[in-house]
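The values are calculated or read from the model by the stated rules, or taken from the named source; none is laboratory data. Owing to the predicted nature of the structure, the values given are computational and were not obtained by experimental measurement. Here the Cβ positions follow ideal geometry from the backbone for every residue, glycine too, while neighbour counts run over all protein chains shown. All accessible areas refer to the heavy atoms of the entire protein, side chains included, with ligands and DNA or RNA removed. Shrake-Rupley method; radii C 1.70, N 1.55, O 1.52, S 1.80 Å.
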Amino acid sequence: MDAILLFSHGSVLCGAERNLLAVAERMRARGDAPVVEVGFLNYIEPLFATAVRRCVDAGATRVRIAPYFLIAGKFVVQDLPAAIAAVREEHPAVEFSVAEVIGFHPALAEAIVSSAENARPTSAWRGELAASAEWCRENPKCPLHGSAGCKGSA
């Protein structure tokens, strides 16, 4: 059985994972693969190895890793192969493959134009930060940690 694992770096900002989780949910709803998981290199759960374990526990024998990056930088070229090598030891019967980074795609230009057409003043980002506080976890590195509304710094 196939699984798609969306791989991203992660962020110290609570809530930064919202978009990728929404992409995964949409892929699940569309039935893009029997198993769709998200895994992060650091800062955000689930970490990559945990996401692989979830795929395998769900019955996956092939895990297609889709890097959620525009370019193949350090996280894709160095960190991802090391992470795959580590999980291969734990799951030697599982076949792993890695998709190309998002890079150029004609639809990406359209998405950027659409985003630019809906540009907002920087003051609107206060709402984004407030929404991120809804995702707070105990993470002193998060720029929102200890701020009003942060639920992770009790």
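Kindly report, to the nearest 10 Å², the accessible surface of residue 21 as traced by a 1.4 Å probe over protein heavy atoms only.
Residue 21 has an accessible surface of roughly 60 Å² with all protein chains in place.
Stretch residue 99-residue 22 to full length: gain in nm at 0.36 nm per residue minus the Cα-Cα span?
Working: separation 77, 0.36 × 77 = 27.72 nm, distance 1.95 nm.
Net length gain for the segment: 25.8 nm.
Roughly how many percent of the accessible protein surface of the range 43-98 is carbon and sulfur, given a 1.4 Å probe and a whole-percent answer?
Details: 1830 of 3180 Å².
Of all accessible area on the range 43-98, carbon and sulfur atoms account for 58 percent.
Output wanted: per-residue J couplings in Hz (rounded whole) for the range 115-120, from phi through Karplus 6.51 cos²θ - 1.76 cosθ + 1.60, θ = phi - 60°, x for Gly and Pro.
So the J values, rounded to whole Hz, are 5, 5, 5, 9, 4, 10.
Between residue 113 and residue 88, what is the FRET efficiency for a Förster distance of 35 Å, r being their Cβ-Cβ separation, to the nearest 0.05? Before the final figure, lay out each step's value.
Working: r = 41 Å, r/R0 = 1.16.
Here the calculated transfer efficiency is 0.30.
Where q = 0.13, 0.21 Å⁻¹, what log10 of I(q)/I(0) comes from the Debye formula for the range 1-108, counting one point per Cα?
Each listed q corresponds, in turn, to -0.44, -1.19.
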